[in-house]
Amino acid sequence: MSNTPTSLNVPIMRLDRQYTALQEEFEAAALTVMRSGIYILGDNVKALEAELAERTESGFGIGVANGTDSLYLALRALNVGAGDEVITTPMSYIATSEAIVRAGATPVFVDIVDDATYLMDVSAVEKAITPNTKAIIPVHLYGQAVNMDALMSLAKAYHLAVVEDCAQAVDATWKGKPVGGFGDMGSFSFFPTKNLGAFGDGGMLTTSSAEKAQLLRQLRVHGQTSTYDHAHEGMNSRLDELQAALVRVKVPHLSAWGDARQRIAQRYTESLEALSVLELPRTQTDVGHVFHQYTVALKAEAGLDRDAVVARLQERGVGVRVYYPIPLHLQGMHHDLGYTAGAFPVAEKACKHVLSLPIFPELSDDEQRYVIETLKKILS
Ligand SMILES: Cc1ncc(COP(=O)(O)O)c(C=O)c1O
């Protein structure tokens, strides 16, 4: 085992390494598309749709422009709109609640379970249901699945639709079954930093309903039912053929990259568990966590200033990030919903104390040791 380097620059992510490792394949795939003359909704989009449908055991995949449109289109396809409420978590990226507002509906938040899983508290969902509730959006945050048994039985009992936000969780499982295949629809993002990322924006919906799949295919192309015949109000949200071809190069490597993330996560856990000021991420039993992020929390009782710790790590070349500093219910965008500080104390506390460490399949042993040792020095 080599010694820990005394100085290194370890960004939160190094996308260039994936490019370098598969350079020839990426370039060949891109050239083939460019030479084909078919750039929109061609064979690569169809093939990637089939690959993700199979991977999520859901029957159909519908490629769209990004993971924000995919949430919005899912709600539209489920007829969620003005006057409807959609229950979700305040601990997510803004796209989750923004899509609800864009569909004309009202986001209703419930708190997260704890600051070790950061996932929506499914036991709080029932109390948030009103006669206007139409759907639930669970977010499989940081790569860990929400308890889908509990969530789906609640949704069934109250006849609510479920759109899984799987943007951070391709290949994550609940009791061995992949996310994206539990709810009415699964929504995926191919934003470059995601576990399965494109070289630009991209997204995908999954569903087991042939009827919904057909509707989604229409909605992503201006509600078109046949050429220049527009039965519904839709939008332009297509997945580029070029992006689909590039993502397809990555698909065969996804499982091995997932294993690498597991090993890195395990090493973080083993190396950091003695640090009493840290709350380490907890993987629920029955879950296949894909560690899109390895997120730790500074325990509140330690009295440490999270932002100061982040700044000190960054000064030493450790590219930590905060996902997310402001919970969704306190975002300016949602001011009119009337939530105030204290509404969701667990999420609010988490947003004050979390930080995510570099985790990507190509992270070297030396780089990880440097992250660990630097963190230990700063915290002890
Ligand atoms: C949880 C979550 N939902 C939705 C999105 C939106 O995806 P996109 O950036 O592809 O629009 C993201 C990613 O940015 C996300 O992390």
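Observations on the model:
- Against the list (1) more than 9 Å from the ligand (Cβ to nearest atom); (2) among the aromatic types (Phe, Trp, Tyr); (3) closer than 17 Å to residue 69 by Cα, the condition residue 199 fails is (3).
- Residue 249 passes every criterion in (1) in contact (Cβ under 8 Å) with a residue 12 or more places away in the chain; (2) part of a loop (DSSP other than H, G, I, E, B); (3) not hydroxyl-bearing (Ser, Thr, Tyr) apart from (2).
- Residue check for residue 116: under 14 Å from residue 163 (Cα atoms), within 18 Å of the chain's Cα centre (by Cα) and of a type in the set (A, V, I, L, M): no
The rows are residues; the columns are (1) assigned by TED's automatic domain parsing to the domain that holds residue 105; (2) in contact with a Gly (Cβ under 9 Å, 6 or more places away or on another chain); (3) away from the ligand (no atom under 16 Å from the Cβ).
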position	(1), (2), (3)
147	yes, no, yes
164	yes, yes, no
183	yes, no, no
194	yes, yes, no
206	yes, yes, no
217	yes, no, yes
222	yes, yes, yes
233	yes, yes, yes
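- Residue in segment 63-98 that is nearest to the ligand (Cβ to nearest atom), counting only those that are assigned to a strand (DSSP E or B) and out of contact with any Lys or Arg (no Cβ under 9 Å at 6 or more places or on another chain): 88
- For residue 56, the requirement of being buried (at least 24 other Cβ atoms within 10 Å of the Cβ) and either within 12 Å of the ligand (Cβ to nearest atom) or in the same structural domain as residue 349 (by TED's automatic domain parsing) (or both) is not met.
- For residue 304, the criteria (1) over 19 Å from the mean Cα position of the chain (by Cα); (2) on the phi > 0 side of the Ramachandran plot hold in every case but one, which is (2).
- Out of 41, 73, one residue alone is over 22 Å from residue 154 (Cβ atoms) and within 19 Å of the chain's Cα centre (by Cα). It is 73.
- Against the list (1) outside any loop (DSSP other than H, G, I, E, B); (2) at pLDDT below 95, the condition residue 134 fails is (2).
- Consider segment 1-27 and keep the residues that are within 27 Å of residue 205 (Cα to Cα), part of a helix (DSSP H, G or I) and not charged (D, E, K, R). The one that is farthest from the chain's Cα centre (by Cα) is 26.
- Only helices (runs of 4 or more DSSP H) whose full extent lies in segment 264-380 are considered here, and the ones with at least 3 residues that are closer than 16 Å to residue 112 by Cα are 345-353.
- Residue check, residue 46 within 22 Å of residue 219 (Cβ to Cβ), out of contact with any Lys or Arg (no Cβ under 6 Å at 6 or more places or on another chain) and touching a residue at least 12 places away in the same chain (Cβ under 8 Å): no
The values are calculated or read from the model by the stated rules, or taken from the named source; none is laboratory data. Because the structure is predicted, anything quoted here is derived from the model rather than measured. Note that each Cβ is placed from the backbone with ideal geometry, even for glycine, and that neighbours are counted across all protein chains shown.
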